[in-house]
Amino acid sequence: MTHKYIVFTKMMKPEPFLHEVEIVIDFLKKHNVGQLEMFYGWSWGDWETFNSTANEIMSEIEKQEQRSKKKFGGNDVYIVIPKLDTQILFCHEEDIHIEFNQINGFVSDIVNTWKSKGMMLCAREDKTEIEIETIGL
């Protein structure tokens, strides 16, 4: 799925990287996101999409760690939120990407949290780097 905007965090150490999953889960719950889709890429990847919920994300990651014998960091975990036309990638390089076509409350909450923590790296519009403020965030 291709989106118009992508916002990237800086690379992180494994523990804060995993902690950010919990923060995303909290925002998914806050915004009443019920069903979502997940899939794995990079070294975990079979690239097969499966249905999940915010409550199941951590247990799905733990199951995949057990199946693959590889830790969360260093593997791609995609969370797709069809109702918001938004996708989050917990990247194998231990940064996070959020992709979207239109700003929504969920995206605003995530990006503003990253900005307040000094985690922002850059934003892109159609593959061109831009200032995040130009898209209203």
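As I understand it, the value is the acute angle between the Cα axis of helix 105-117 and the longest principal axis of the Cα atoms of the chain; what does it come to in degrees, rounded to 10?
90 degrees
Given the DSSP H assignment, sum -39500 (n - 2.57) over each helix run of at least 4 residues in the chain and divide by its residue total; what's the result at 222 nm in deg cm²/dmol, nearest 500? Mind dumping the intermediate values first?
Values: 3 runs with 42 residues, N = 137.
For the chain, the value works out to -10000 deg cm²/dmol.
On a 0 to 90 degree scale, rounded to 10, what angle separates helix 57-68 from the longest Cα axis of the chain?
50 degrees
List the pair-distance distribution P(r) of the chain, using every Cα-Cα distance, as the percent of pairs falling in each 10 Å bin from 0 up to the bin containing the longest distance, rounded to whole percents.
Taking all Cα pairs of the chain, the binned fractions are 12, 46, 36, 6, 0 percent.
Apply the Karplus parameterisation 6.51 cos²θ - 1.76 cosθ + 1.60, with θ equal to phi minus 60°, to every residue of the stretch 25-41 and state each ³J(HN,Hα) to the nearest whole Hz, in sequence, with x for glycine and proline.
4, 4, 5, 4, 5, 4, 9, 6, 7, x, 6, 9, 10, 10, 7, 10, x
Only the coordinates and a few stated rules stand behind these numbers; no lab work does. Remember, predicted model here, so these are calculated numbers, not experimental data.
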